[in-house]
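Notes follow the structure.
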Amino acid sequence: MAAGRILIVGAGPVGLVLAYRLGAAGIAVTLVEALPDLAEDLRASTFHPPTMEMLDEIGIAQRMIETGIVAATFQYRDRRDGSIVGEFDYGMLRDDTRFPFRVQCEQFKVARYIHDRLQTLPNVTVRFSTRATSVRQDADGVVLSVETPAGPEELTGRYLVGADGANSAVRAAVGIEMEGFTWPERFLVLSTPFDFATAIERLAPVTYYADPDEWCFCLRVPGLWRVMFPVKTETTEDTLASSELAQQLLQGFFARTTPYDVQHRTLYRVHQRIAPDYRRGRVLLAGDAAHLNNPLGGMGLNSGIHDAANLADTLIEVWRGADDALLDRYTRQRRPVAVNHVDAQSKRNKAFLEERDPAVRRQRLDEFRRIAEDPKAAYLYVRQTAMIDTLRQAATLT
Ligand SMILES: Cc1cc2nc3c(=O)[nH]c(=O)nc-3n(C[C@H](O)[C@H](O)[C@H](O)COP(=O)(O)OP(=O)(O)OC[C@H]3O[C@@H](n4cnc5c(N)ncnc54)[C@H](O)[C@@H]3O)c2cc1C
């Protein structure tokens, strides 16, 4: 039943990167997306140096730099008094990467840029308004059932990748259950054109504020600042929907005499969940379909794109004749990154920002000050947060 192509479900950034890399290697790819077009909502917006290198291979890094913001530094602050606890400079990475900075560019723009590049590959077909519903497989290939505006259809392929996000239908179809938990509080992201950098002295384009009562972080994207707050579990749906809450949170962050112009508001549930295996036979999982974490550190989407690069290289080797047992290397290399780095570090970041015990809090802030002041320790810290180490470590796993 196998057709000479690879099927991908989900035209988020991860599915699109995978489609491009496979297509550029000459493999026929059909990518199906449930929505009628690429998603347009404001979600992730941070791209770390190694991710920029991967996106440069697709030919979109320069476009992202031109239409995004180059963040040369990031900061941790104590929200109690606004003081800078540590400022870290990506310039320290100039010998490690061609992109010694973070690029702040909205996820929907990046998806659009990759999709534009896919138009140059006649062997890649993207089908919108096509929802994956079930999967079956045998020793030769995979059959994907989809719902389309013209009715149900079956697509065949040699392999199938579920890059269909947090509620992955592909993951459910092959019976892989995520392990982990969901945080009780939700995260609210408010976007405003007010330029906090003109009001808060030396504010870095990415700044995390530690506070036992209400931690937050703010980051700059073109024309907007996005400020993220945790919202208490007891907050009612009416309050969450109200503009008063948005004003109260932003005024609490930086008090002004005039109300804030709030241009976007995203409320979302945050999970720490990882699939126990990224492969079931001829079906593989990548990105949010395989792992979910809180956004502190901006690692979720980045690690998803790193999955896509690794999986593409592995599938290309198998396509060209390597034994398909090699596909297990993908889980062996990428899952430890999700467990030991992305999940662990994003939980540590949250614990640091929200620490309530005054003695522990003081100790953690002091530890950060020490790291920031010691050039060697600061370099190692920046290299690790830029996700360079995870890729180097993964490459050593066979
Ligand atoms: C509301 C929200 C806000 C977020 N905000 C932030 C943030 O501020 N910072 C941050 O770092 N991260 C944020 N994230 C997380 C970040 O957006 C994800 O890590 C990233 O989108 C993962 O990319 P992906 O390609 O794996 O999945 P997605 O981007 O989720 O793409 C999956 C695609 O699959 C499609 N799909 C789903 N089911 C099917 C199906 N059955 N058939 C066909 N297609 C299907 C979907 O329509 C979607 O286009 C947010 C996530 C959400 C949901």
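The values are calculated or read from the model by the stated rules, or taken from the named source; none is laboratory data. The structure presented is a predicted model; accordingly, all values stated were derived computationally and were not measured. Neighbour counts are summed over all protein chains in view; Cβ atoms, including those assigned to glycine, are modelled from backbone coordinates with ideal geometry.
Among the residues of the stretch 358-374, is any within 24 Å of ASP89 (Cα to Cα), aromatic (Phe, Trp, Tyr) and over 18 Å from the mean Cα position of the chain (by Cα)?
Taking every residue of the stretch 358-374 in turn, at least one turns out to be within 24 Å of ASP89 (Cα to Cα), aromatic (Phe, Trp, Tyr) and over 18 Å from the mean Cα position of the chain (by Cα).
Please specify each residue of the stretch 348-367 satisfying the condition of being touching a helix residue (DSSP H, G or I) at 6+ places or on another chain (Cβ under 8 Å) and part of a helix (DSSP H, G or I).
Answer for the stretch 348-367, where residues must be touching a helix residue (DSSP H, G or I) at 6+ places or on another chain (Cβ under 8 Å) and part of a helix (DSSP H, G or I): PHE352, ARG364.
Need the failing condition index for GLY287 against (1) surrounded by 21 or more Cβ atoms within 10 Å (Cβ to Cβ); (2) in contact (Cβ under 8 Å) with a residue 40 or more places away in the chain; (3) farther than 30 Å from ALA19 by Cβ, just the number.
Going through the list (1) surrounded by 21 or more Cβ atoms within 10 Å (Cβ to Cβ); (2) in contact (Cβ under 8 Å) with a residue 40 or more places away in the chain; (3) farther than 30 Å from ALA19 by Cβ, GLY287 breaks only (3).
Checking the conditions here, which among ALA325, ALA312 is more than 15 Å from the ligand (Cβ to nearest atom), of a type outside the set (Asp, Glu) and out of contact with any Cys (no Cβ under 6 Å at 6 or more places or on another chain)?
ALA325 is the lone residue from the list that is more than 15 Å from the ligand (Cβ to nearest atom), of a type outside the set (Asp, Glu) and out of contact with any Cys (no Cβ under 6 Å at 6 or more places or on another chain).
Pick from VAL135, VAL126: which is at pLDDT 95 or above, within 28 Å of GLN272 (Cβ to Cβ), buried (at least 19 other Cβ atoms within 10 Å of the Cβ) and of a type in the set (Val, Ile, Thr)?
None of the others qualify; the one that does is VAL135.
Taking PHE253 as meeting all but one of (1) in contact with a helix residue (DSSP H, G or I) (Cβ under 6 Å, 6 or more places away or on another chain); (2) more than 21 Å from VAL103 (Cα to Cα); (3) among the aromatic types (Phe, Trp, Tyr), write down the number of the exception.
(1)
Looking at the stretch 1-85, what strands (runs of 3 or more DSSP E) fall wholly within it and have at least 2 residues that are touching a residue at least 60 places away in the same chain (Cβ under 8 Å) and hydroxyl-bearing (Ser, Thr, Tyr)?
Passing ranges, in order: 73-78.
Of all residues in the stretch 292-334, which are surrounded by fewer than 21 Cβ atoms within 10 Å (Cβ to Cβ), among the basic types (Lys, Arg) and not in a loop (DSSP other than H, G, I, E, B)?
Within the stretch 292-334, ARG329, ARG332 qualify.
I need the full set of residues from the stretch 221-245 which are touching a helix residue (DSSP H, G or I) at 6+ places or on another chain (Cβ under 7 Å) and over 23 Å from THR182 (Cβ atoms), in order please.
Those that are touching a helix residue (DSSP H, G or I) at 6+ places or on another chain (Cβ under 7 Å) and over 23 Å from THR182 (Cβ atoms): PRO222, TRP225.
Here is a check on your reading of the model: is ARG202 charged (D, E, K, R) and under 30 Å from LEU16 (Cβ atoms)?
The answer is no for ARG202.
Any chance the stretch 221-236 includes a residue that's modelled with pLDDT under 95, among the aliphatic types (A, V, I, L, M) and either within 19 Å of the chain's Cα centre (by Cα) or closer than 27 Å to GLN107 by Cα (or both)?
The answer is yes; a qualifying residue exists.
Please go through the stretch 8-29 and give me each residue that is surrounded by 23 or more Cβ atoms within 10 Å (Cβ to Cβ), more than 6 Å from the ligand (Cβ to nearest atom) and not small (Gly, Ala, Ser), ordered by number.
Result: ILE8, LEU16, VAL17, LEU18, TYR20, LEU22, VAL29.
Quick check on this structure: which one of ARG79, ARG5, ARG98, ARG94 is away from the ligand (no atom under 16 Å from the Cβ), touching a Cys at 6+ places or on another chain (Cβ under 9 Å) and modelled with pLDDT of 95 or more?
Going through ARG79, ARG5, ARG98, ARG94 in turn, just one is away from the ligand (no atom under 16 Å from the Cβ), touching a Cys at 6+ places or on another chain (Cβ under 9 Å) and modelled with pLDDT of 95 or more: ARG79.
Which of the residues belonging to the stretch 153-164 are surrounded by fewer than 21 Cβ atoms within 10 Å (Cβ to Cβ) and either more than 13 Å from the ligand (Cβ to nearest atom) or not in a strand (DSSP E or B) (or both)?
GLU154, THR156 - these are the residues of the stretch 153-164 that are surrounded by fewer than 21 Cβ atoms within 10 Å (Cβ to Cβ) and either more than 13 Å from the ligand (Cβ to nearest atom) or not in a strand (DSSP E or B) (or both).
Among the residues of the stretch 45-61, is any within 16 Å of the ligand (Cβ to nearest atom) and among the aromatic types (Phe, Trp, Tyr)?
Yes, the stretch 45-61 contains at least one residue that is within 16 Å of the ligand (Cβ to nearest atom) and among the aromatic types (Phe, Trp, Tyr).
Can you pull out every residue in the stretch 186-228 that is touching a residue at least 60 places away in the same chain (Cβ under 8 Å), within 16 Å of the ligand (Cβ to nearest atom), hydrophobic (A, V, I, L, M, F, W, C) and not in a loop (DSSP other than H, G, I, E, B)?
PHE187, LEU188, VAL189, LEU190, VAL206, CYS216, PHE217, LEU219, VAL221, MET228
From the set of residues in the stretch 92-130 that are among the aliphatic types (A, V, I, L, M) and in a helix (DSSP H, G or I), which is farthest from GLY304 (Cα to Cα)?
It comes out as MET92.
Do the conditions hold for ARG335, that is, is it more than 30 Å from CYS105 (Cβ to Cβ) and basic (Lys, Arg)?
no
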